Amino acid sequence: MFDTLARQPDDPLLALIGLFRKDERPGKVDLGVGVYRDETGRTPIFRAVKAAEKRLLEAQDTKAYVGPEGDLVFLDHLWALVGGDTVERSHVAGVQTPGGSGALRLAADLIHRMGGRRIWLGLPSWPNHAPIFKAAGLEIATYDFFDIPSQSVLFDNVVRAFEGAAAGDAVLLHASCHNPTGGVLSQPQWLEIAALAAERGLLPLFDLAYQGFGRGADPDVAGLRHLLTVVPEALVAVSCSKSFGLYRERTGAIFAPTTSPAAADTVRSNLAGLARTSYSMPPDHGAAVVRTILSDPALARDWAEELEGMRQRMTGIRRALAEGLRSRWQNLGAIADQEGMFSMLPLTEAEVMRLRTEHGIYMPGSGRINIAGLKTAEVDDVVGKFMSL
Ligand SMILES: Cc1ncc(COP(=O)(O)O)c(C=O)c1O
C-alpha cells in the first residue's frame, strides 16, 4: 500500500530554517521564522509561564486524563480574555484544543457536520488555512484581500465576497495581526462586515492567533467582539502559541458563542465528540499554565506587561523599518501602521534570492517578513541591503 503514495513536498519554511542554519556569515538575518524573537534573537519563555510551571510541578498530583473538553477553568479564563462580556459563558461552547491549528480543524469538522459546504478565504492567508479546511471536506472560495504593491486591504473585495456568499457559508476572519500581510481593518469596516455577515446569514470563523501583538490585548479583539454582539452564531479559534509563548505545548481552544445554554451544550458535545475521534484529548500542560496565570492577578499582570513589552518592541521595529524603506518604496511606509509579526514586501523571487545569497537575509519567496526576526540594532544595516537591490 505504501507504494501508492506520492512523496509530498517539504514545508518551504522548514527548508529555509535549514538553509539559514548552514549559513556561516556573521551578519545573517532570519526574517522567515514564524515565532517571536527578542532583542537577543531568542524566543523567550514568559516570566509568568516559568513561575506557573514551578507551581504546577510542585502541586500537580496526577497525570490522569483531562477529558476531551480539556481544562474547564482554562476555558473560562480564556473566554473572558477573548470575548469579554459580549456573550455569557453559559451561551458559549468551548473545547480546549492542541493549538490554534487543532481549533481550526475542529471548527472545520463542525462546519462540515452541520452541513456547511463552503468557507470564504481572503488571500493571501496563513498557508495552512486552505489545507485544514480542505482536509475537513469543505470547499474553499477565495477573494483577494490585500494588494501587496500598494500595501492596502482590498475592502471592496471583502464586501463583494460577503455579498456573494450564500446563507450558511462560513467566512474566515483574522481577528487582528493578519498573517501574512499585517493588513488592518478599521472599526467602521468591522461594523460593515458585522452587518453584512448578520444580514447574509454567514457563519464567521475567527482565527485569533496573535492577541496582544497588534494594538493591545483588548483592541486586538475589538472587531471580533463587535461581531459577536451582532451575529447570533460564530466560531472563534484561539491559539496560545504566540500570546503566551507556548508554541510547543500545543495550547488553544475553539469557542462557539450561541444563543442559549442548551444550544451551547449541544455544540459542546459535538466538538468534544469530534475531538474524541481525532486525538481523543488535548495535552494538559500548556492549558494548566495559562489557567494558573490567568487565575492569579499578580501573574496575569506580569504576563500582560511582558506581552506589552513584546508588542512595543515590534512597533518600534515597524516604525524604523518603514522609515528606512519608504525612501525607495513609498508604499512601505504602511509597515509602520500594520499589525503583528508579519508584513509582505513587494519583492520578486529573484530579489528575495539576491538578498539571501548576497546579504544573508532570509525570507520565503513570497516576500513575507517576520518583524520580530529583526533586532533594533540591525535595522539600518538591513535597510541598506534592501537599498542595494
Ligand atoms: C494565522 C495563524 N493561525 C493559526 C496558527 C496556529 O497556531 P498553533 O501553533 O497554535 O497551532 C498560526 C500559527 O502560526 C497562525 O499564524
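The values are calculated or read from the model by the stated rules, or taken from the named source; none is laboratory data. Remember, predicted model here, so these are calculated numbers, not experimental data. Neighbour counts run over all protein chains shown; Cβ positions are idealised from the backbone, glycine included. These area figures cover heavy atoms from the full protein model, side chains too; ligands, DNA and RNA do not enter into them. Shrake-Rupley method; radii C 1.70, N 1.55, O 1.52, S 1.80 Å.
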Examine the range 274-284 for a residue that is open to solvent by less than 60 Å² (accessible area, probe 1.4 Å), part of a helix (DSSP H, G or I) and within 30 Å of residue 202 (Cα to Cα), and state whether such a residue exists. yes
Residues that are hydrophobic (A, V, I, L, M, F, W, C) and out of contact with any helix residue (DSSP H, G or I) (no Cβ under 9 Å at 6 or more places or on another chain): find the strands (runs of 3 or more DSSP E) completely inside the range 89-162 holding 3 or more of those. none
Out of (1) surrounded by 10 or more Cβ atoms within 10 Å (Cβ to Cβ); (2) free of Cβ contacts under 8 Å to residues at least 12 places away in the same chain, the odd one out for residue 5 is which? (1)
Report whether or not residue 291 is closer than 30 Å to residue 313 by Cβ, part of a helix (DSSP H, G or I), without any contact (Cβ under 8 Å) to a residue 40 or more places away in the chain and not assigned by TED's automatic domain parsing to the domain that holds residue 313. no
Please go through (1) open to solvent by less than 20 Å² (accessible area, probe 1.4 Å); (2) in contact with a Gly (Cβ under 9 Å, 6 or more places away or on another chain); (3) under 24 Å from residue 339 (Cα atoms); (4) within 16 Å of the ligand (Cβ to nearest atom) for residue 174 and return the number of the only condition it doesn't satisfy. (1)
For the range 125-136, does any single residue satisfy the condition of being touching a strand residue (DSSP E or B) at 6+ places or on another chain (Cβ under 6 Å), buried (at least 20 other Cβ atoms within 10 Å of the Cβ) and free of Cβ contacts under 8 Å to residues at least 60 places away in the same chain? yes
Only one of 271, 205, 191, 196 is in a helix (DSSP H, G or I) and crowded, with 24+ Cβ neighbours inside 10 Å, namely 271
If residue 267 meets every condition in (1) in the same structural domain as residue 86 (by TED's automatic domain parsing); (2) of a type in the set (A, V, I, L, M, F, W, C); (3) within 16 Å of the ligand (Cβ to nearest atom) apart from one, which number is that one? (3)
What are the residue pairs meeting all of these: first residue in the range 363-377, first residue assigned to a helix (DSSP H, G or I), second residue surrounded by fewer than 17 Cβ atoms within 10 Å (Cβ to Cβ), Cβ atoms under 7 Å, and 6 or more apart or on different chains? 376/39; 376/316
Please find, among 60, 151, the residue that is on the phi > 0 side of the Ramachandran plot and either polar (S, T, N, Q) or assigned by TED's automatic domain parsing to the domain that holds residue 343 (or both). 151
Between a first residue in the range 184-195 that is outside the structural domain of residue 223 (by TED's automatic domain parsing) and a second residue that is open to solvent by 50 Å² or more (accessible area, probe 1.4 Å) and outside any helix (DSSP H, G or I), which pairs have beta carbons less than 8 Å apart while being 6 or more apart in sequence or on different chains? none
Looking at 21, 25, can you tell me which residue is out of contact with any helix residue (DSSP H, G or I) (no Cβ under 7 Å at 6 or more places or on another chain), in a loop (DSSP other than H, G, I, E, B) and open to solvent by 50 Å² or more (accessible area, probe 1.4 Å)? 25
Closer than 24 Å to residue 373 by Cα, surrounded by fewer than 16 Cβ atoms within 10 Å (Cβ to Cβ) and at pLDDT 95 or above: does that describe residue 319? yes
Residues that are farther than 21 Å from residue 126 by Cβ and either surrounded by 17 or more Cβ atoms within 10 Å (Cβ to Cβ) or outside the structural domain of residue 115 (by TED's automatic domain parsing) (or both): does the range 229-242 have at least one? yes
Is one or more of the residues making up the range 190-199 farther than 20 Å from residue 228 by Cβ and modelled with pLDDT of 95 or more? no
Just to check your reading of the model, which residue among 76, 38 is open to solvent by 20 Å² or more (accessible area, probe 1.4 Å) and without any contact (Cβ under 8 Å) to a residue 24 or more places away in the chain? 76
Within the range 61-69, does at least one residue satisfy the condition of being within 16 Å of the ligand (Cβ to nearest atom), part of a loop (DSSP other than H, G, I, E, B) and open to solvent by 20 Å² or more (accessible area, probe 1.4 Å)? no
Close pairs (8 angstrom Cβ cut-off, 6 or more residues apart or separate chains): in contact (Cβ under 8 Å) with a residue 12 or more places away in the chain and within 13 Å of residue 242 (Cα to Cα) in the range 304-315, in a helix (DSSP H, G or I) and of a type in the set (Lys, Arg) anywhere: 306/47
Just one listed residue, out of 89, 105, is among the basic types (Lys, Arg), away from the ligand (no atom under 16 Å from the Cβ) and on the phi < 0 side of the Ramachandran plot, and it is 89
